[in-house]
Amino acid sequence: MARRTRGNGEGSVFQRRDSTGKVIGWRGQQYIGSQRKSYSGKTKQDVIDKMAMDRADYNRGVYVPDDDTTVGEWCQYWLEHKKRPSVKEQTYLHQRNYIHKYILPYLNDVRLQDLTPELIQDTYHKVFVEGVTANGNAFADGTIHQATACFKGCLRDAVSQGKLTVNPHDKVTRPKGVAPKKVRPYSPEDQAKIVEFCKNSDNIYDGVYYVLIATGMRVGEAVVLTWDDIDLRRKTITINKTLVEAHGSVTVQDEPKTSKGNRTIKVSDNVVRFLKKRKQESDPEQNINNLVFPNMRNYYMREHLLRERFQKVCAILDIDYHDGLHSLRHSWGTRCLERNVPIKVVSEMLGHEDVLTTMNIYQSVLPGQQEEVATIMNDLF
């Protein structure tokens, strides 16, 4: 018969024996509040320690009862009930993608309370170190940072909701990825080719490239512009929304990417003339969404199709394609700073969160301005 011991409200601890009577471990039982809980361990002291830890947690008010909630179930709840109501749709979609793409394929069925730092670390190694992106490339450091920060925040909320006592992610080391590619602006010569070709082209996509390189707008901001956002008399464009693409669907988000994204920018006379011509050629009856740049179905243009077309434009012009459409926006910012436009003005027109963001992105352009300042200082001191 298994021998039981009891003492000072510590519950019962007893030996576990196999069919031959050999001791194969120890078990314990105690009440935590109104719940009776069982424990097991290789030694009596193991069981006593586990029981004592639960009693201490209960007395401190941080005890978490046994819960069979899985990582997958908690992540789904967290995304829909914690994140979606509190963040922009674009942020929610990004975080949902990180969880579904990098976390749940490996940890979906793991009980939340069984999650350990070692298990998370092993998952990150399989995903980000041994694995590659859909394009066969190593993961960018920024992607790893965003994905791991998302999951860490998910588990942090599990602690605050009483699902966990501590966050196992706190002891996890984030893997390092490859440094992000620097966005390259087009040279003034190549920029002139792009401008001349695109503003005079009849292709429905090419006008978008002209506006991007002539105003510094983001792609998602340009493709949702309506004629209500354009004031041709005042020569302004009001940017107050953006297109979010995820899993094959599109959503118009009523706020741009950053808090400073809501802005009204002045545009040049050349841009005004281009927009006037485009408006005259627009058919209001067909263009039911009143878009400045509708696609063939009078709906929003998709970024992957815009990229494909722009690669062809670059080939036609015999210029190097600079890793996406963001280089058009980057070219506008670079030209402004090269012409000594105040960086605060550039930052505001780009819709950056703050001037530091602009300085970090355009640091390769700024040294020239610093040398100019140093020369001026020579005359003063």
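The figures follow:
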quantity: Amide N proximity, region 291-320 versus GLU281 label position 7 Å along Cα-to-Cβ, cut-off under 13 Å; calculated: 293-294
quantity: Built amide H within the under 5 Å cut-off of GLY25, gap 5+; calculated: ARG16
quantity: Distance (nanometres) between label positions extended 7 Å along Cα→Cβ at ARG307 and ARG339; calculated: 3.0 nm
quantity: Alpha-carbon gyration tensor eigenvalues x 5, square-rooted, for region 4-60, Å; calculated: 23, 10, 9
quantity: Listed residues GLY131, GLY324, GLY33, most fluctuating in the chain (Gaussian network, C-alpha, under 10 Å); calculated: GLY33
quantity: Karplus (6.51, -1.76, 1.60) ³J(HN,Hα), θ = phi - 60°, over region 310-317, in Hz, Gly and Pro reported as x; calculated: 5, 4, 5, 4, 4, 5, 4, 7
quantity: Hz values of 3J(HN,Hα) by residue in region 334-341 - Karplus curve (6.51, -1.76, 1.60), Gly and Pro given as x; calculated: 5, 4, 4, 5, 5, 8, 6, 5
quantity: FRET efficiency estimate (nearest 0.05) - Cβ-Cβ, HIS81 to ALA52, R0 41 angstrom; calculated: 0.70
quantity: Cα pair distances of region 25-180 binned at 10 Å [whole percent]; calculated: 10, 33, 31, 17, 8, 1
quantity: Solvent-free Debye scattering, log10 I(q)/I(0), computed from the Cα coordinates of region 97-178 at q = 0.14 Å⁻¹; calculated: -0.44
quantity: Unit Cα scatterers, Debye sum, region 188-372: log10 I(q)/I(0) for q = 0.09, 0.18 Å⁻¹; calculated: -0.32, -1.34
quantity: Ratio Rg/Rh, restricted to region 129-282 and using Cα atoms, in which Rh is the Kirkwood radius; calculated: 1.11
quantity: Under 5 Å, built H, 5+ apart or other chain: amide partners of PHE139; calculated: THR133, VAL178
quantity: Label selected from (1) 21.2; (2) 29.9; (3) 16.8, the criterion being mean projected area of the Cα convex hull in nm² as computed here; calculated: (2)
quantity: All-pairs alpha carbon distance profile, region 152-207, 10 Å steps from 0, percent; calculated: 18, 19, 14, 12, 17, 18, 1
quantity: Hz values of 3J(HN,Hα) by residue in region 190-204 - Karplus curve (6.51, -1.76, 1.60), Gly and Pro given as x; calculated: 5, 4, 4, 5, 4, 4, 4, 5, 6, 6, 10, 7, 8, 5, 5
quantity: Within a Gaussian network of the chain (alpha carbon springs, distance under 10 Å), most fluctuating of GLY72, GLY142, GLY41; calculated: GLY41
quantity: Gaussian network model of the chain, springs between alpha carbon atoms under 10 Å - residue of SER40, SER268, SER187 with greatest fluctuation; calculated: SER40
quantity: Between region 308-328 and region 113-169, the alpha-carbon center distance in angstrom; calculated: 36 Å
quantity: Proximal lysines to LYS241, defined as alpha-carbon separation beneath 25 angstrom and excluding residues fewer than eight positions away on the same chain; calculated: LYS82, LYS83, LYS88, LYS199, LYS257, LYS260, LYS266, LYS276, LYS277, LYS279, LYS344
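None of the figures in this text is laboratory data; all of them are computed from the coordinates on show. Here the structure is a predicted model, which means the values were calculated and not measured. Positions of Cβ are backbone-derived with ideal geometry, glycine not excepted, and every protein chain shown enters the neighbour counts.
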